[in-house]
Each structure stands twice: as C-alpha cells, then as structure tokens.
Amino acid sequence: MMNLQGKTILVVGGAAGIGQATALLCAERGADVIVADFNEAEGRATAQTANGAFVPVDVTDETSVKAMAASISQSHGKLDALVQTAGILKGAYVDLEDFELATLRQVLDVNTVGSFLCAKYTLPLLKKGQKPAIILISSPAAYGVSSSYAYAMSKGGVSALGTTMAGKLASQGIRVNVLFPGGINTFMKRSVIEEDARRKGQDPQAALNAATQTGMGEPEGVAKVLAFLVSDEADYVRGSVSTR
C-alpha cells in the first residue's frame, strides 16, 4: 500500500461521494487531509473522521476561495496536492429549447469556474509542496452524450482547463491530471438514474438496482485511483485518466 505520510492534501468537495471517500483513504494512508466544502456539517464530520481540518468554501465565490487558501496558508503553510471534486448536475433530460440560462450558469459556476478558482488560489501553496499535484474531476459526459447540456459543457471546460494547466505548470514542477470517472454510485448519479426511470414510467428503485447489478462503481474505487495520483508513485502519469 502506498504511503502518503508527510503529504498535505486538500480535498474540495470532501463532504460526500468521491471527495469524502478520497479524504478518508488519503488520511488512512498517512496524509494530513484538509476537507473543504459548502456543506459544513458533513464536511466537518468527514474531517473529524479523517483526523484532519475543515475549511468552509463556496467554490463559485472568489472571495470564499481566496479565504480558504489564506486559512490553509496560515494553518499548514503548503499543499502537496489539490483534489477538486466539487460538482453538480442540473437540467437532466431538459430539452435544449427549454433549458434555462440560469441553470447553465449555475452548473458552469460550480464545475468549471470552481475548478479554475481552486487551482488559481492554491497554486502558491502547491509551489511550496513536494512533487505537487492538481487533480480535477471531469466526466465521460465531456466527450459523449450527457443527460444535461450544462453538465456536458462544464466538464468539457474542466478537461480543457486541466490540459492547459498541465502544459503550463509542468515547468514549475506541478503535475496536473484530469480524472474521468465512469458511472459511480453517488447521490448525483442515483438522482439521474431515478429521474430517467420516472420520465420513462419505470420504477426508480428497480432502475437503481439494475444499474448496480450491471457494474456501477463505488466512490471507494475511484478514491484508490485518486490516492495513487496524489502520491509520488504517480510521478510518471500524465494527461487524462479514466475509471470504470
């Protein structure tokens, strides 16, 4: 099992789902974990379980992200990895002509702008780290057919952001990867499956059961990949990485 001893790792969106699983696994492997999330109650609970710190953040608010980075600078002084998992999916199965601009902007603000702001304001801390890494979360929706126009656009933006950062930050010794998880058993994924079943007149629970039986992955499986990507053992990994 890889050792993350001595690593200071920030998991944004660490209150639930893939982020929570990643924070807990990194802590188990010896990392000093910082959980940041909009959901303070669950974020603090995750941080407590991980014997780490919690910092509240709204990734759509530049002032909030700057305050998060300032708090970490004061408490920890540096970062060895940023794992940005915060994301939302809105507008599933809404036709293009009915799609609200407000919904589009909300999803872009969280998924794409949020990733940009987190990377921008933690960069000075990462420059002080050892073999620092930035991991952003995209989705197969970025290059396939998504249930939501907004989600697909936002994750396409995350992918482009990660690719550009990888090229520009490599000379500064900062490795950037973009992770593309497949169908993972999170609240967001379950909600989409249930909504699809309802619009087809099917039983949502039966649809969930079928998805699980046909190979829907678990957050803990993705967490293992993310824990590897923030480790020194992943030093040779470049570009995008996909999971089941």
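If you take the residues in the range 175-204 that are within 18 Å of the chain's Cα centre (by Cα) and in a loop (DSSP other than H, G, I, E, B), which one is nearest to Phe228 (Cα to Cα)?
Of everything passing the filter in the range 175-204, Pro181 is nearest to Phe228 (Cα to Cα).
Determine which single condition Gly114 fails, assuming it passes every other condition in (1) surrounded by fewer than 22 Cβ atoms within 10 Å (Cβ to Cβ); (2) among the small types (Gly, Ala, Ser); (3) in contact (Cβ under 8 Å) with a residue 40 or more places away in the chain.
For Gly114, the exception is condition (1).
Would you be able to tell me the number of residues in the range 1-11 that are among the aliphatic types (A, V, I, L, M), in a loop (DSSP other than H, G, I, E, B) and in contact with an Asp or Glu (Cβ under 8 Å, 6 or more places away or on another chain)?
Step one: filter the range 1-11 for residues among the aliphatic types (A, V, I, L, M), giving 1-2, 4, 9-11.
Right, trim to in a loop (DSSP other than H, G, I, E, B) and you get 1-2, 4.
Imposing the further condition that a residue be in contact with an Asp or Glu (Cβ under 8 Å, 6 or more places away or on another chain) reduces the set to 2.
Residues flagged as among the aliphatic types (A, V, I, L, M), in a loop (DSSP other than H, G, I, E, B) and in contact with an Asp or Glu (Cβ under 8 Å, 6 or more places away or on another chain) within the range 1-11 amount to 1.
If a residue has to be surrounded by 17 or more Cβ atoms within 10 Å (Cβ to Cβ), on the phi < 0 side of the Ramachandran plot and not polar (S, T, N, Q) to count, how many in the range 89-111 make the cut?
Of the residues in the range 89-111, 8 are surrounded by 17 or more Cβ atoms within 10 Å (Cβ to Cβ), on the phi < 0 side of the Ramachandran plot and not polar (S, T, N, Q).
Determine if the range 226-238 includes at least one residue that is surrounded by fewer than 18 Cβ atoms within 10 Å (Cβ to Cβ), without any contact (Cβ under 8 Å) to a residue 40 or more places away in the chain and under 25 Å from Ala21 (Cα atoms). Steps first, answer last, please.
Initial filter on the range 226-238 (surrounded by fewer than 18 Cβ atoms within 10 Å (Cβ to Cβ)): 228, 232-233, 235-238.
With without any contact (Cβ under 8 Å) to a residue 40 or more places away in the chain added as a condition, the list becomes 236.
Imposing the further condition that a residue be under 25 Å from Ala21 (Cα atoms) reduces the set to 236.
For the range 226-238, residues surrounded by fewer than 18 Cβ atoms within 10 Å (Cβ to Cβ), without any contact (Cβ under 8 Å) to a residue 40 or more places away in the chain and under 25 Å from Ala21 (Cα atoms): present.
Could you tell me whether any residue of the range 12-23 is part of a loop (DSSP other than H, G, I, E, B), under 14 Å from the mean Cα position of the chain (by Cα), of a type outside the set (A, V, I, L, M, F, W, C) and modelled with pLDDT of 95 or more?
Residues of the range 12-23 that are part of a loop (DSSP other than H, G, I, E, B), as a first pass: 13-16.
So of that shortlist, the ones also under 14 Å from the mean Cα position of the chain (by Cα) come out as 13-16.
Narrowing the set further to residues that are of a type outside the set (A, V, I, L, M, F, W, C) leaves 13-14.
Filter once more, so that each one left must be modelled with pLDDT of 95 or more: 13-14.
Yes, some residue in the range 12-23 is part of a loop (DSSP other than H, G, I, E, B), under 14 Å from the mean Cα position of the chain (by Cα), of a type outside the set (A, V, I, L, M, F, W, C) and modelled with pLDDT of 95 or more.
Name every residue in the range 135-155 that is at pLDDT below 95 and not in a loop (DSSP other than H, G, I, E, B), in order of residue number.
Pro140, Ala141, Ala142
Would you confirm whether or not the range 35-49 contains a residue that is buried (at least 19 other Cβ atoms within 10 Å of the Cβ), under 18 Å from Leu126 (Cβ atoms) and either touching a residue at least 24 places away in the same chain (Cβ under 8 Å) or not acidic (Asp, Glu) (or both)?
yes
Answer with yes or no whether Met153 is under 15 Å from the mean Cα position of the chain (by Cα), under 27 Å from Thr103 (Cα atoms) and surrounded by fewer than 19 Cβ atoms within 10 Å (Cβ to Cβ). So that I can check it myself, show each step before the final result.
Values: under 15 Å from the mean Cα position of the chain (by Cα): no; under 27 Å from Thr103 (Cα atoms): yes; surrounded by fewer than 19 Cβ atoms within 10 Å (Cβ to Cβ): yes.
No; evaluated as a whole, the condition is false for this residue.
Taking the range 156-184, which residues are under 26 Å from Phe99 (Cα atoms) and at pLDDT 90 or above? Walk me through how you get there before you give the answer.
Kept after step one, since they are under 26 Å from Phe99 (Cα atoms), are these residues of the range 156-184: 156-161, 180-184.
Answer for the range 156-184, where residues must be under 26 Å from Phe99 (Cα atoms) and at pLDDT 90 or above: Gly156, Gly157, Val158, Ser159, Ala160, Leu161, Phe180, Pro181, Ile184.
Condition check: of a type in the set (A, V, I, L, M), touching a residue at least 12 places away in the same chain (Cβ under 8 Å) and outside any helix (DSSP H, G or I). Does Leu161 satisfy that?
Numbers: of a type in the set (A, V, I, L, M): yes; touching a residue at least 12 places away in the same chain (Cβ under 8 Å): yes; outside any helix (DSSP H, G or I): no.
Against the criterion (of a type in the set (A, V, I, L, M), touching a residue at least 12 places away in the same chain (Cβ under 8 Å) and outside any helix (DSSP H, G or I)), Leu161 does not qualify.
Please work out which one of (1) buried (at least 18 other Cβ atoms within 10 Å of the Cβ); (2) touching a residue at least 40 places away in the same chain (Cβ under 8 Å); (3) touching a helix residue (DSSP H, G or I) at 6+ places or on another chain (Cβ under 9 Å) is the condition Ser146 fails and give its number.
(2) is the only condition that Ser146 fails.
Hey, could you check the range 156-170 for residues that are surrounded by 18 or more Cβ atoms within 10 Å (Cβ to Cβ) and closer than 24 Å to Phe228 by Cβ and say which is farthest from the chain's Cα centre (by Cα)?
Leu169
State whether the residues of the range 195-215 include one that is of a type in the set (Asp, Glu) and surrounded by fewer than 15 Cβ atoms within 10 Å (Cβ to Cβ). Please lay out each step first, then the result.
From the range 195-215, those of a type in the set (Asp, Glu) are 195-196, 203; that's our starting set.
Retained after the next criterion (residues that are surrounded by fewer than 15 Cβ atoms within 10 Å (Cβ to Cβ)): 203.
Yes, the range 195-215 contains at least one residue that is of a type in the set (Asp, Glu) and surrounded by fewer than 15 Cβ atoms within 10 Å (Cβ to Cβ).
Scan (1) without any contact (Cβ under 8 Å) to a residue 40 or more places away in the chain; (2) surrounded by fewer than 15 Cβ atoms within 10 Å (Cβ to Cβ) for the single condition Gly173 breaks and write down its number.
Here Gly173 clears every test but (1).
Which of the helices (runs of 4 or more DSSP H) found entirely inside the range 30-131 contain at least 1 residues meeting this: within 19 Å of the chain's Cα centre (by Cα) and closer than 17 Å to Gly19 by Cβ? Write out each step before concluding.
Numbers: elements: 40-49, 62-75, 101-108, 114-126.
Passing ranges, in order: 40-49, 62-75, 114-126.
The values are calculated or read from the model by the stated rules, or taken from the named source; none is laboratory data. Everything numeric here is computed off the predicted structure, so don't read it as measured data. Note that we place each Cβ from the backbone using ideal geometry, even for glycine, and neighbour counts take in every protein chain shown.
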